[in-house]
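Heads up: the structure comes next, in structure tokens.
The values are calculated or read from the model by the stated rules, or taken from the named source; none is laboratory data. Worth saying up front: this structure is predicted, and the values here are computed from it rather than measured. Glycine also receives a Cβ, built like all others from the backbone with ideal geometry; neighbour counts cover every protein chain displayed. In case anyone asks, the SASA skips ligands and DNA or RNA and just uses the protein heavy atoms, side chains included. Shrake-Rupley method; radii C 1.70, N 1.55, O 1.52, S 1.80 Å.
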Amino acid sequence: MNLRTKSVAVAALLAFGALAGTISPASAGTSSGYVSGSGTWTDDMNDEGPISTSSHSHSNAAAMWQAILWADGYLTSTSKIDCVFGSGTRSATLNWQSDFPRTTADGVVGPATLEEAMLTHIRDDSTSSYLTLTYNGETADSIFTGRYVTFTRNTDGIWGMYIGSDHHLLSYSYANFNNCA
């Protein structure tokens, strides 16, 4: 191999190495189409969202957040869990985020908001590899509301939720709970 060919080969390898260093690993969040995770459930929310008026606004993931708002007393009725992240859900989200100081009150439900909710309010009721997790609603002052939401995580790592006896997977791309608009 002559000097010019070696120089081109080395330059190509260096360029490829620089490019490879900038490639990020795939995220399990919205790219999978579902709220999902692997391993311990406690780190599943660190790559989820965003859910907002402009992102995944009509989905089962929006219903998940509305159920959390309802359980914590920020939505007044389960009829407000309609799978539509509209102005009412945004207003309730801003109030929730303002009351929980480890979040930014921006009306967007991203990883920090989801982690704050899940890690401080979830009880693990699992009896097998199929996780059953109960979200216990409480105010920012740690007063229990008496409302709860039951979440599941199947063996593929995909989260689901019950609204009454209606159970569905938490999709970012569709809304199919019985009370979805």
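Observations, loosely collected:
- Annotation: of all residues in the stretch 91-122 being assigned to a loop (DSSP other than H, G, I, E, B), touching a helix residue (DSSP H, G or I) at 6+ places or on another chain (Cβ under 6 Å) and open to solvent by less than 20 Å² (accessible area, probe 1.4 Å), the one that is nearest to S54 (Cα to Cα) is G107.
- Answer from T93, T89, T145 - the residue that is polar (S, T, N, Q) and at pLDDT below 95: T145
- Considering the stretch 134-181, the qualifying strands (runs of 3 or more DSSP E), each wholly inside and each with 2 or more residues that are surrounded by fewer than 19 Cβ atoms within 10 Å (Cβ to Cβ), run over 144-153, 166-169.
- Filter result for D125 (farther than 22 Å from S173 by Cβ and surrounded by 14 or more Cβ atoms within 10 Å (Cβ to Cβ)): no
- Residues of the stretch 69-88 that turn out to be farther than 13 Å from Y148 by Cα, in contact (Cβ under 8 Å) with a residue 40 or more places away in the chain, open to solvent by 50 Å² or more (accessible area, probe 1.4 Å) and not aliphatic (A, V, I, L, M), as a count: 1
- Among the residues making up the stretch 151-166, those that are under 15 Å from the mean Cα position of the chain (by Cα) and not aromatic (F, W, Y) are T152, R153, G157, I158, G160, M161.
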